[in-house]
1. First measure r as the distance between the Cβ atoms of residue 80 and residue 120, then evaluate 1/(1 + (r/R0)^6) with R0 = 41 Å and state the FRET efficiency to the nearest 0.05.
2. Where both partners of a DSSP beta bridge lie in region 4-85, what percent of those bridges are antiparallel, to the nearest 5?
3. Where nothing but the Cβ of Lys and Arg (+1) and of Asp and Glu (-1) is charged, how large is the charge dipole of the chain around its Cα centre, in debye to the nearest 20?
4. Considering only protein heavy atoms and a 1.4 Å probe, what is the carbon-and-sulfur percentage of the accessible area of the chain?
5. May I ask you to derive the relative contact order of the chain, considering only C-alpha pairs under 8 Å and at least 6 residues apart, and to give it as an integer percent?
6. Net charge within 13 Å of residue 142 by Cβ-Cβ distance, Lys/Arg positive one each and Asp/Glu negative one each, not counting residue 142 itself?
7. Identify the GluC sites (Glu not before Pro) of region 57-156 meeting these criteria: DSSP loop state and at most 11 other C-beta atoms within 10 Å of the C-beta.
8. What would the Debye formula give as log10 I(q)/I(0) at q = 0.13, 0.18 Å⁻¹ for the alpha-carbon point model of region 1-96, no solvent?
Amino acid sequence: MDRLACVNLPAFPLQLLLRRRPEWVASPVAVVAEDKPQALILWVNEKAWQAGVRPGFRYAAGSSLALGLYAGAVPFAEMEKEVIALGDRLMRFTPEVEPSAEEPGVFWLNGIGLSLLYTSFEEWARAIHADIETRGFRGSVVVGFTRFGTYAVAKA
């Protein structure tokens, strides 16, 4: 039977920011809509979350909750460029890759006709996951029968 895979890179803008600023990894970090004190916080890492910082707060409010809160904007053009690069990279595992139009960091890969390249769908998923990790991203790869089913499990 044919399958498809859903690749989910959670908090994709936050992952991009931390790739750009690896020295911030051990600190509370937020992605903001723009580089201004009253900018809206869009994403936060675990350390910021534990300090009480939430998406929807203003940066000034977040920085009062988490001492040393680092923040940066991730322009749409940067996300788009990385989505294209990841899509091209994922083409190494299937000739059909579809990035989500609504959610950067989510991709669907068609698994039709890959039985000569991979002994199982598990092997295919492990190869995709390993490649994502070598690019410095964390995420999940779920293989299944439907777009919604694979997406739901990948997001869980």
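1. Numbers: r = 34 Å, r/R0 = 0.82.
The computed FRET efficiency comes out at 0.75.
2. Values: 4 of 8 bridges.
So the antiparallel bridges in region 4-85 amount to around 50 percent.
3. Numbers: 16 positive and 17 negative charges, 90 e Å.
Roughly 440 debye for the chain.
4. Working: 5140 of 8740 Å².
Percent of accessible area from carbon and sulfur atoms in the chain: 59.
5. 33 percent.
6. Numbers: positive: 3, 126, 147, 155; negative: 122.
Local charge sum for residue 142: +3.
7. Details: sites: 78, 80, 82, 96, 102, 122, 123, 133; in loops: 96, 102.
Filter output for region 57-156: 102.
8. The Cα Debye sum returns log10 ratios of -0.50, -0.79.
The values are calculated or read from the model by the stated rules, or taken from the named source; none is laboratory data. Please read these numbers as outputs of a predicted model, since none were measured by experiment. Here Cβ is always computed from backbone atoms with ideal geometry, including for glycine, and neighbour counts include all displayed protein chains. Only protein heavy atoms, including side chains, enter the accessible area calculation; ligands, DNA and RNA are left aside. Shrake-Rupley method; radii C 1.70, N 1.55, O 1.52, S 1.80 Å.
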